[in-house]
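Trainee: I'd like to ask you about the structure that follows.
What follows draws every value from the coordinates through simple rules; no lab data is involved. Quantities reported herein were computed from a predicted structural model and do not represent experimental measurements. Quick reminder, even Gly has a Cβ in these numbers, built from the backbone with ideal geometry, and neighbours come from all protein chains shown.
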Amino acid sequence: MLIPVNTREPLRWLNFRQSYKRGLIALAVLTVTVFTYALFWFTWPAPDHARLFDEDDSYDSALEPSPPLKGNFSKWERRQGEVRKAFIHAYSGYREHAFPADELLPTSGRNSSKFNGWSVTMVDAMDTMWMMGLKNEFSDAVRAVAAQNFTTDSEYFVPFFETVIRYLGGLLSAYTLSGEPILLARADDLGALLLPVFETPSGLPAYSVDRIMEQFYATKPEDGLFPTRWSRLGTPLDRQYTVGASADSGYEYLLKQYLLSGDTKALKQYLESINGVIQWLLFVTPTRELLYIASMNHRTVTHDLEHLACFLPGLLALGAHTIPDTYLPAKERERHKWAAAGLAYTCYIVYADQESGLGPDKVGMNQGTRWVDKLATWETAGRVGVPPGLKEEGPIKERKGRDYNLNRSGSYFLRPETVESLYIMWKTTGEEKWRERGYKIFAAIERHAKTRYGYTSVAHVDMDPVRSLDDMPSFFLAETLKYLFLLFDGGDHYPFSKWVFNTEAHPLPVFEWSSWERKLYGITP
């Protein structure tokens with residue numbers, strides 16, 4: 001079982017408030033940075049806030065992590081235990097064969113460092129360890145973090161976006177769950193080093209979330225859709241609209257900025273933007289009537305479905321579940337729920353259709369009809385049957401009947417977006433089918449992606465056997481296995497009313513701002 005965290009514990013929460021601001025600002029500001037993917041080059045050493053652990057130091061945390069499961073297991077407890085075992089296999093392989101590098105190459109047993117060389121797999125996975133009750137692994141990770149100083153070779157750039165979501169988010173979340181002060185100190189060090197990235201010609205300031213967002217609100221995006229590329233002056237450079245690569249986390253953080261901080265300007269922009277997505281980017285295929293997310297350049301539509309876009313059904317479900325009636329009327333809420341259900345099914349079925357049971361990174365959909373047009377026709381006819389895009393007729397193994405084709409080799413990169421949406425669908429609807437679908441995906445990962453050292457991305461998902469790509473991204477441990485673990489858990493230890501998962505699946509507590517803090521940090525109530 002998981003142990004819920006009391007986020008109102010006075011002393012620890014008071015300390016957290018002081019340094020959490022810097023991290024929160026960087027996380028909220030990602031609504032800006034996902035469009036630009038700014039790069040930041042730094043070499044400054046971080047100050048040492050606390051003594052380092054000695055090998056003989058005892059480990060004493062503010063809260064005990066949840067213990068491993070024991071005794072007679074239910075079906076879902078057994079399945080949760082399987083995910084925990086998979087995590088241990090993957091993380092043990094990383095620690096033995098790759099640490100302190102960033103990531104394990106799970107087929108060859110070698111390593112790579114694409115994300116600063118600060119042991120990203122370890123930092124990214126610390127909150128997962130805590131949730132799974134892996135005390136020894138977590139304790140070792142705390143010791144390693146205590147020795148970090150976030151310096152890098154001056155020949156390399158530091159990727160700002162990935163550094164914030166994987167390192168800063170990971171440290172803040174691990175601190176929130178455990179109360180270990182060194183984690184907060186290291187997060188504060190890293191947040192301070194990252195702030196100069198906002199010193200740009202556009203004048204986007206380092207400390208005011210409100211002013212940064214105003215820069216984007218002022219562009220008055222058509223139908224709420226934000227272009228993917230922006231200049232250093234803060235102006236759009238194209239009219240490419242997507243919820244896939246280069247834009248996905250932007251739409252996600254509009255809602256999550258509201259949920260985390262209560263910023264209603266962000267909420268209003270989320271609703272305007274998500275309704276623009278529904279209006280222009282959702283289509284239904286001609287034969288199977290699969291609901292999918294397209295992209296658009298000016299008004300020219302590209303009918304590809306990216307795995308990265310499969311976070312959207314979960315986001316829609318989360319919004320429909322949490323946004324008050326004042327902002328989301330009943331009819332609009334109903335439409336968001338329909339879109340969530342239809343898209344979640346499509347994201348799952350492109351897994352189930354494949355010979356391996358693993359999902360391709362991108363598929364080319366047979367050109368369909370705009371969903372809003374299909375809905376209008378269905379409603380005019382009296383709402384007979386299920387809404388368009390919500391049919392669930394099961395997998396099709398014959399490629400000709402699928403209503404889509406695989407792009408290139410059909411590779412699976414251990415991505416989390418589909419299982420993330422399945423988790424949110426389960427938590428918001430209570431429908432067991434979403435859990436069963438998640439387990440089928442996990443079973444396929446076990447069958448086809450497991451190696452001697454860990455788990456690997458694969459090519460040729462519509463073949464058996466698949467081909468190894470010798471890559472295990474840190475997000476596999478930080479997100480994919482975490483969402484599967486939570487999907488199979490019977491409790492509600494991280495309710496959406498109290499916790500917000502960032503785009504790397506790091507849970508952060510909903511923050512209550514005082515009036516002076518709202519004024520200082522530009523948070524609109």
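Trainee: Round to the nearest 0.05 the FRET efficiency obtained for Asp464 and Asn297 when R0 = 45 Å and r is the Cβ-Cβ distance.
Mentor: FRET efficiency, Asp464 to Asn297: 0.80.
Trainee: Okay, next question. Taking a point 7 angstrom from the Cα of Arg452 along the C-beta vector, which residues in the stretch 466-486 have backbone N less than 20 Å away?
Mentor: From the stretch 466-486, the list is 466-473.
Trainee: What are the residues whose amide H is under 5 Å from the amide H of Trp499, where those residues sit 5 or more places off or on another chain and H is modelled from the backbone?
Mentor: Val510
Trainee: Give me the extension gain from Val386 to Lys85: residue separation times 0.36 nm, minus the current Cα-Cα distance, reported in nm with one decimal.
Mentor: So the chain would gain 104.4 nm between Val386 and Lys85.
Trainee: If you don't mind, there's one more thing I want to ask. Is there a pair in Lys400/Lys450; Lys331/Lys482; Lys337/Lys391; Lys268/Lys519; Lys268/Lys391 whose C-alpha atoms are over 26 Å apart, and which pairs would that be?
Mentor: Pairs exceeding 26 Å: Lys400/Lys450; Lys331/Lys482; Lys268/Lys391.
Trainee: Which of the GluC sites (Glu not before Pro) across the stretch 132-182 are loop residues per DSSP, with 13 or fewer other Cβ within 10 Å?
Mentor: Sparse-neighbourhood loop GluC sites (Glu not before Pro): Glu155.
Trainee: Could you calculate the FRET efficiency of Lys220 with Tyr327 from 1/(1 + (r/R0)^6), where r is the beta carbon distance between them and R0 is 25 Å, rounded to 0.05?
Mentor: 0.80
Trainee: Give, as ranges by residue number, the residues of the stretch 444-463 whose backbone N falls under 13 Å from the point 7 Å along Cα→Cβ of Arg399.
Mentor: The answer is 460-463.
Trainee: For Leu105, enumerate residues with amide H under 5 Å from its amide H, sequence gap 5+ or separate chain, H modeled in the peptide plane.
Mentor: Distant-sequence amide H within range of Leu105: Arg110, Asn111, Ser112.
Trainee: Determine, for each peptide in 271-280, 338-347, 245-254, the mean count of other beta carbons within 10 angstrom over its residues, then list the peptides with the highest first.
Mentor: 338-347, 245-254, 271-280
Trainee: I would also like to ask the following. Give the long-range amide H neighbours of Ser295: residues separated by 5 or more places, or on another chain, with amide H under 5 Å away, using H modelled in the peptide plane at 1.01 Å from N.
Mentor: Thr302, Asp304
Trainee: Among Thr377, Gly364, His321, whose Cα projects farthest towards the positive end of the dipole of the stretch 282-385, with charges put on the beta-carbon of Lys, Arg (+1) and Asp, Glu (-1)?
Mentor: Looking along the dipole axis, the top candidate is Thr377.
Trainee: Just how far, in whole angstrom, is the stretch 264-281 from the stretch 318-385 if you go by their alpha carbon centroids?
Mentor: 16 Å
Trainee: Moving to a separate point now. Where a Cα-Cα gap under 15 Å defines reach, which aspartates and glutamates qualify for Lys75, not counting those fewer than 8 residues away within the same chain?
Mentor: By straight Cα distance, Lys75 reaches Glu432, Glu436, Asp489.
Trainee: Follow-up question, since we're still on this one. For Ala443 paired with Glu334, estimate the spin-label separation in nm (one decimal), with each label point 7 Å from Cα along the Cα-to-Cβ line.
Mentor: Placing both labels 7 Å beyond Cα along the Cβ direction yields 3.6 nm.
Trainee: Follow-up question, since we're still on this one. Write out the trypsin sites (Lys or Arg not before Pro) in the stretch 372-442 meeting two conditions: DSSP loop, and at most 11 other Cβ atoms within 10 Å of their Cβ.
Mentor: Here the sparse-neighbourhood loop sites are Arg383, Lys397, Arg408.
Trainee: If you take the beta carbon distance between Asn136 and Leu195 as r and set R0 to 51 Å, what does 1/(1 + (r/R0)^6) give as a FRET efficiency, to the nearest 0.05?
Mentor: After rounding to 0.05, the efficiency reads 0.90.
Trainee: Say a paramagnetic label sat at a point 7 Å from the Cα of Phe157, along Cα to Cβ; which residues of the stretch 178-199 have their backbone N under 19 Å from it?
Mentor: Inside the label zone: 193-199.
Trainee: Which loop GluC sites (Glu not before Pro) in the stretch 347-409, with loop taken from DSSP, have no more than 10 other Cβ atoms within 10 angstrom of their Cβ?
Mentor: Answer by residue number: Glu393, Glu398.
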